[in-house]
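The values are calculated or read from the model by the stated rules, or taken from the named source; none is laboratory data. A quick note: this is a predicted structure, and the numbers were derived from the prediction, not measured. Cβ sites come from the backbone with ideal geometry, for glycine too, and all protein chains shown count toward neighbours. Side chains are part of the model used for accessible areas, which takes the heavy atoms of the whole protein and leaves out ligands, DNA and RNA. Shrake-Rupley method; radii C 1.70, N 1.55, O 1.52, S 1.80 Å.
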Amino acid sequence: MSNGNSPEDERPFEDERVEEDREEARPSIGRALQQARIAAGLTVDDISSATRVRMNIVHAIEADDFTACGGDVYARGHIRTLAKAVHLDPAPLLAQYGDEHGGRPAPTPAAPLFEAERIRPERRGPNWTAAMVAAIVAVIGFVGFTMFQGGGDSGGEANVAEGSTPTTGGSASPTTKTKKPTDPKPEASDSAIAAAPQDKVTVQVAAADGRSWIAAKDHNGRMIFDGVLEQGETKTFQDSSKVHLVLGDAGVIDLFVNGKKIKDDFQPGAVERLTYTKGDPEAG
């Protein structure tokens, strides 16, 4: 009778070693997210701005420290959001997190919490509608009041309706109030950009071929805009001397600087950091 182990007895231990080797070959969740971010040419600041996940949490997750997330539900939500921002499929990372942290928790409507900021531009439609309705009501009310008082003629009413300055001193203040609800952030057409003041730099960003995250800062480094442009949307920025841009997907963007279209060879998915001044474009 032999006390040695048979080959069949040793096989389970060999299978365990093979499985351990596979686990070691697979990168950690944080390492996978960090490598994808670097490959996309994005900084932690870029990712934080695009996803609204605080920079300290992004750093912690890339170091595989999930304690700052505040629980499994929030950790999974952050992993899903960061993976999408760097063009990774979040499903394998979430499965890996479940294997390493005790399985998947009970279903929780966490996704809307982490996706709320990414759909923010789509909620601006109702705000525009309300602003236009408020402006129309204000103009109609003012014209009606003027007619009732007998203090204005048809020419004056036309000036008020068009938003120009009336000739009478008494109606100047109400006219200013009616213009405020209809004064949106710059959304100029090509012709409006061409007529921009020569003492300023004017940059128009149009999402012509798809959606793209963009950020714009003035010459002092203050954030002018930070969000996603859906396909067909346009944003225009002006500054006294300089406009800084970060384009998350430069290949889908059309740029107009000081009334001239910028001819470029930006590739789909490319991240571009650009700066324009009053003298641009010098070429192209």
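Overview of results
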quantity	calculated
Test: residue in the range 235-258 that is over 27 Å from Val44 (Cα atoms), touching a residue at least 12 places away in the same chain (Cβ under 8 Å) and basic (Lys, Arg)	no
Hey, Lys185 open to solvent by 50 Å² or more (accessible area, probe 1.4 Å) and modelled with pLDDT of 85 or more or not	no
Any chance Leu229 is under 20 Å from the mean Cα position of the chain (by Cα) and in contact (Cβ under 8 Å) with a residue 60 or more places away in the chain	yes
Any hit, the range 127-143, residues being open to solvent by 20 Å² or more (accessible area, probe 1.4 Å), part of a loop (DSSP other than H, G, I, E, B), among the β-branched types (Val, Ile, Thr) and at pLDDT below 90	no
Close pairs (7 angstrom Cβ cut-off, 6 or more residues apart or separate chains): under 19 Å from Met223 (Cβ atoms) and open to solvent by 20 Å² or more (accessible area, probe 1.4 Å) in the range 35-61, of a type in the set (Ser, Thr, Tyr) and assigned to a helix (DSSP H, G or I) anywhere	Arg54/Ser48; Met55/Ser48
Residue within the range 250-271 that is of a type in the set (Asp, Glu) and within 13 Å of the chain's Cα centre (by Cα) present	no
Residue selected from the range 226-269 under the condition small (Gly, Ala, Ser) and within 15 Å of Ala208 (Cβ to Cβ), by the criterion surrounded by the most Cβ atoms within 10 Å (Cβ to Cβ)	Gly248
Residue that is modelled with the lowest pLDDT [pool: residues in the range 199-224 that are open to solvent by 20 Å² or more (accessible area, probe 1.4 Å) and assigned to a strand (DSSP E or B)]	Trp213
